[in-house]
């Protein structure tokens, strides 16, 4: 992504040229990185969190917060994301969607990239189940 951005800037300012599809590809790569890394960041506990109270909790308290957050927040959001994105992605594939911009990305890149949305939802669902199970195990072992 960095190299593509470098080439875009170089072509624009050095050669006074550029391609819309190349510029769009950076936006899509950026989105793909976030979507495909969301569950990984959650698994490694490297996501953004407000730790004002959490860091002071006991291991059992942290397990309760993690399990409850997974059960009542992450699982419902991931299920909703999977459910609501399914038709969106299916429509993109069925109409052989390409970019709205003239000279932008073409089929099958746009539907393929949109397919990362339900893939992210499934990965988050799996991670939420893992966090929930780990929280239950930690609550039982801490009592």
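The values are calculated or read from the model by the stated rules, or taken from the named source; none is laboratory data. For clarity, every value in this text was computed on a predicted model and none was experimentally measured. As a convention, Cβ positions derive from the backbone with ideal geometry for all residues, glycine included, and neighbour counts pool all protein chains shown.
Residue 100 - would you say it is farther than 30 Å from residue 19 by Cβ, exposed (fewer than 13 other Cβ atoms within 10 Å of the Cβ) and at pLDDT below 90? Reasoning before the result, please.
Details: farther than 30 Å from residue 19 by Cβ: no; exposed (fewer than 13 other Cβ atoms within 10 Å of the Cβ): yes; at pLDDT below 90: yes.
When the stated conditions are applied, residue 100 does not pass them.
Which is free of Cβ contacts under 8 Å to residues at least 60 places away in the same chain and at positive phi, of 140, 96? 96 is the lone residue from the list that is free of Cβ contacts under 8 Å to residues at least 60 places away in the same chain and at positive phi.
Output the residues belonging to segment 26-63 that are surrounded by fewer than 17 Cβ atoms within 10 Å (Cβ to Cβ) and more than 21 Å from the chain's Cα centre (by Cα). If the condition is that a residue be surrounded by fewer than 17 Cβ atoms within 10 Å (Cβ to Cβ) and more than 21 Å from the chain's Cα centre (by Cα), then 51, 52, 53, 54, 55, 56, 57, 58, 59, 60, 61 are the ones that fit. Quick test of your reading of the structure: residue 18 fulfils all but one of (1) part of a helix (DSSP H, G or I); (2) in contact with a helix residue (DSSP H, G or I) (Cβ under 7 Å, 6 or more places away or on another chain). Name the failing condition by number. That leaves (1) as the condition not met.
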